[in-house]
1. Taking Ala52 and the conditions (1) over 14 Å from the mean Cα position of the chain (by Cα); (2) in a helix (DSSP H, G or I); (3) over 30 Å from Ala208 (Cβ atoms), which numbered condition does it fall short on, given that it satisfies the others?
2. Name the residues in the range 15-55 that are buried (at least 24 other Cβ atoms within 10 Å of the Cβ), touching a Leu at 6+ places or on another chain (Cβ under 8 Å) and either more than 18 Å from Arg104 (Cα to Cα) or not β-branched (Val, Ile, Thr) (or both), would you?
3. Just name the residue that is surrounded by the most Cβ atoms within 10 Å (Cβ to Cβ) out of those in the range 68-85 that are of a type in the set (Val, Ile, Thr) and in contact (Cβ under 8 Å) with a residue 60 or more places away in the chain.
4. For Gly184, which of the numbered conditions (1) at negative phi; (2) modelled with pLDDT of 95 or more fails to hold?
5. Need pairs with beta-carbon distance below 8 Å; first residue without any contact (Cβ under 8 Å) to a residue 12 or more places away in the chain and within the range 200-216, second surrounded by 14 or more Cβ atoms within 10 Å (Cβ to Cβ); sequence gap 6+ or separate chains.
Amino acid sequence: MVSGTPKTEFGAPDFSKSGVIIGVDEAGRGPLAGPVVAGAVVLCKSPPEGLADSKALSPKKRARLDLEIRESCAWAVGVIEPPQIDEINILQATFQAMTDATARLCAALAERGIETINEVIIDGNMTPAGRRDGWRWPARSIVGGDGIEPAISAASIVAKEWRDRIMIEAAQKYPEYGWERNKGYGSAAHMEALRKHGPTPLHRYSFAPVAQASLL
């Protein structure tokens, strides 16, 4: 599955070796099934036009921007699967995904001679700093950052598209739940399938609707 291959890649970036700013965002905190995914992006000097919060973009435009970001920028993803979400809770899993994505990107940057991370800017009101082992970079949270900071917007797009591909692929194995449409969120069709078929290994058993369905 796509979820088993989180990646770090460079397109054709042109960075200052004096330091970079990394944008980070996540996708998939709320669904009942599937992983939580974080994206980390360093924009090139001429980033794609039209970057915005992934939720505000049409699917077609989001998919186009995702390709442009991955072709022209440095990026990485972190993927935390449902069993670990159940083990450490969704907030900590989100912080772990952010930590994994940032660590992968920083390692790749270091290979290119870029070792100074000026700042990691993260959408929301909290960062993994002091909350997750392994986080070691200067971090700043920005409420609504995915709509106002291009690097965070790019990270939100990469994370959203990566997770959507995971759920579309998973839907082929578990077609009853409609994941190609609802991406694991608790839509009416998804909830009905849970009641009828019960949860799958990709469901988050620590989430109340799934826990309740497992008892039926």
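The values are calculated or read from the model by the stated rules, or taken from the named source; none is laboratory data. Computed from a predicted model, the values in this text were never measured in an experiment. Don't worry about glycine lacking a Cβ; one is built from the backbone with ideal geometry, like all the others, and counts go over all protein chains shown.
1. (2)
2. Selection gives Gly23, Leu32, Ala33, Gly34, Ala40, Leu51.
3. First, the residues of the range 68-85 that are of a type in the set (Val, Ile, Thr): 69, 77, 79-80, 85.
Going one step further and asking which of them are in contact (Cβ under 8 Å) with a residue 60 or more places away in the chain, we end up with 69, 77, 79, 85.
Values: Ile69: 25, Val77: 28, Val79: 26, Ile85: 25.
Top of the filtered list is Val77.
4. (1)
5. Ala211/Tyr205
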